[in-house]
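Read-outs throughout are calculated quantities, based only on the coordinates presented, and are distinct from any laboratory measurement. Worth saying up front: this structure is predicted, and the values here are computed from it rather than measured. Backbone-built Cβ (ideal geometry, glycine too); neighbour counts: all protein chains shown.
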Amino acid sequence: MTVQVNTVQGKRTVDDLGRTLIHEHVLVGFPGWFMDARMPAFDRREAVARCVDAFQQLHAYGVRTVIDPCPMDLGRDVDVIAEVSQKSGVTLICATGAYVESMGIPYTFNELSVDQIVECFQKEIEDGVAATGIKCGVIKIATGEGLVSEYERKILTAAAKAAKLTGAPLISHTENCSCGHDQIDIVTGEGLPASHMIVGHSDGRDDHPYQKALADRGAYVGFDRFGLEMMIPDAIRMKNLKAMVDCGHKDRVMVSHDTVNCWLGSYAGGDPADLQATLPNWRMTHLFENIFPELKRMGLTDEVLDGIVVDNPRRWFEEAAKSA
Ligand SMILES: [Zn+2]
């Protein structure tokens with residue numbers, strides 16, 4: 001039977017996903033974003049119009065599906081995501097799950113048991129988010145730098161259990177290319193194959209051995225911050241992505257930009273517009289305008305690049321659904 005995936009507009013078969021970006025945000029607000037009273041009030045209509053324009057530009061490059069892995073605690077608004085999807089023609093997939101302890105909202109899940117958190121994630125996948133009827137298609141997990149906190153271990157354990165019950169795949173946040181192996185250990189410890197997950201943000205350091213080791217274990221490796229060059233130049237990301245293809249792991253890499261199309265409040269105390277101004281390439285079409293042409297000059301074929309944005313996301317959903 002063909003595997004079906006929850007999108008904000010209902011179920012789609014995996015064959016209908018087409019070209020897919022696995023990590024872009026419609027809207028992000030860090031906890032307490034509304035407390036920065038200096039920032040202009042959120043203008044929903046303007047935000048939606050700006051997002052629709054950005055997603056239509058992406059659609060012109062043949063992208064048909066985008067995953068917005070915003071966890072429950074980062075200002076997630078599935079109604080906004082659904083409206084942007086419906087108006088832009090790009091299929092969007094939203095997430096349940098929770099963020100890193102230091103930048104998330106850990107109080108409630110600290111109080112709940114693992115089984116109770118499993119129930120929350122499962123409910124958002126099977127019944128939908130609150131009363132919206134919009135069902136989540138992926139589960140977000142996250143760890144901070146260097147060490148997985150007890151809270152994060154609890155969330156990852158609950159997420160893996162919910163993934164096993166529902167067949168929804170896992171998509172992660174890591175910091176500075178650390179804890180990817182710990183994430184895989186926790187997920188596989190719950191009886192899932194490593195291929196159930198994308199170890200996100202694995203492109204943040206010039207570290208091919210780390211990236212290759214994750215793929216050797218069967219996990220998908222996220223080269224998902226193209227354009228965020230304050231962390232590492234794209235030239236390094238491209239060099240390492242090509243190295244993954246050259247060592248036989250073209251089936252294990254995922255690409256995206258981790259863009260934030262609209263912000264609630266400030267970012268690290270500053271105006272997000274200033275951040276965007278320092279990152280001219282941090283936009284959803286950058287891969288198709290600049291990165292793929294350069295990768296082709298470096299020797300990657302259209303077939304390989306298409307496989308990365310079409311076949312890999314499809315296989316990830318497909319295999320995850322079958323391991324439930
Ligand atoms: Zn992100």
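For S178, which sequence-distant residues (separation of 5 or more, or a different chain) have an amide H within less than 5 Å of its own amide H, given hydrogens modelled in the peptide plane?
G146
When the Karplus curve 6.51 cos²θ - 1.76 cosθ + 1.60 is applied with θ = phi - 60°, which whole-Hz ³J(HN,Hα) does each residue of the stretch 201-214 get, with x for Gly and Pro?
Karplus-based 3J(HN,Hα) across the stretch 201-214 equals 6, 7, 9, x, 9, 7, 9, 4, x, 5, 4, 5, 5, 5 Hz.
Determine the gain in length on full extension of the stretch T108-E319; use 0.36 nm per residue of separation and subtract their C-alpha separation, reporting nm with one decimal. Kindly include the intermediate steps, with their values, before the conclusion.
Working: separation 211, 0.36 × 211 = 75.96 nm, distance 3.17 nm.
Taking 0.36 nm per residue and subtracting the Cα distance, the gain is 72.8 nm.
Please list, ordered by chain and number, the residues whose modelled amide H lies under 5 Å from the amide H of G97; skip anything fewer than 5 residues away on the same chain.
M72, K140
Calculate one ³J(HN,Hα) per residue across the stretch 217-223 by plugging θ = phi - 60° into the Karplus curve 6.51 cos²θ - 1.76 cosθ + 1.60, and present them in order as whole Hz with x for glycine and proline.
Result, ordered by residue: 7, x, 6, 7, 10, x, 9 Hz.
Hey, in the GNM for the chain with a 10 angstrom Cα cutoff, which one of F55, F226, F109 fluctuates hardest?
For the chain, modelled as a Gaussian network with Cα springs under 10 Å, the answer is F109.
I want to verify a result. In a Gaussian network model of the chain, Cα cutoff 10 Å, which of these has the top mean-square fluctuation: Y61, Y107, Y151?
Top of the fluctuation ranking is Y107.
Taking R0 as 35 Å, what FRET efficiency do you get between H59 and S149 from their Cβ-Cβ distance, rounded to the nearest 0.05?
Given R0 = 35 Å and the Cβ-Cβ separation, E is 0.35.
In whole Hz, what ³J(HN,Hα) sequence does the stretch 262-276 give by Karplus (6.51, -1.76, 1.60; θ = phi - 60°), x for Gly and Pro?
9, 10, 9, x, 9, 10, 6, x, x, 7, x, 4, 5, 5, 4
Return the calculated 222 nm mean residue ellipticity for the chain, to the nearest 500 deg cm²/dmol, obtained by summing -39500 (n - 2.57) across DSSP H runs with n ≥ 4 and dividing by the residue count.
Mean residue ellipticity at 222 nm (helix-derived): -11000 deg cm²/dmol.
Just to verify a number: FRET efficiency for D216 and Q86, C-beta to C-beta distance, R0 = 30 Å, to 0.05?
Calculated value: 0.15.
With each pseudo-label sitting 7 Å past Cα toward Cβ, what's the R45-Q116 distance in nm, one decimal?
4.2 nm
Enumerate the amide H contacts of H173 below 5 Å, restricted to partners 5 or more residues apart or on another chain; note that Pro and chain-start residues carry no placed amide H.
I141, A142, T143, G200
R0 = 35 Å: FRET efficiency of D79 with D246, Cβ-based, nearest 0.05?
According to the calculation, E is roughly 0.20.
If you take the square roots of the eigenvalues of the alpha-carbon gyration tensor of the stretch 284-324 and sort them as a ≥ b ≥ c, do you get rounded (a/c under 1.5), prolate (a/b over b/c) or oblate? Walk me through the numbers before you get to the answer.
On the way: a/c = 4.88, a/b = 2.34, b/c = 2.08.
Prolate.
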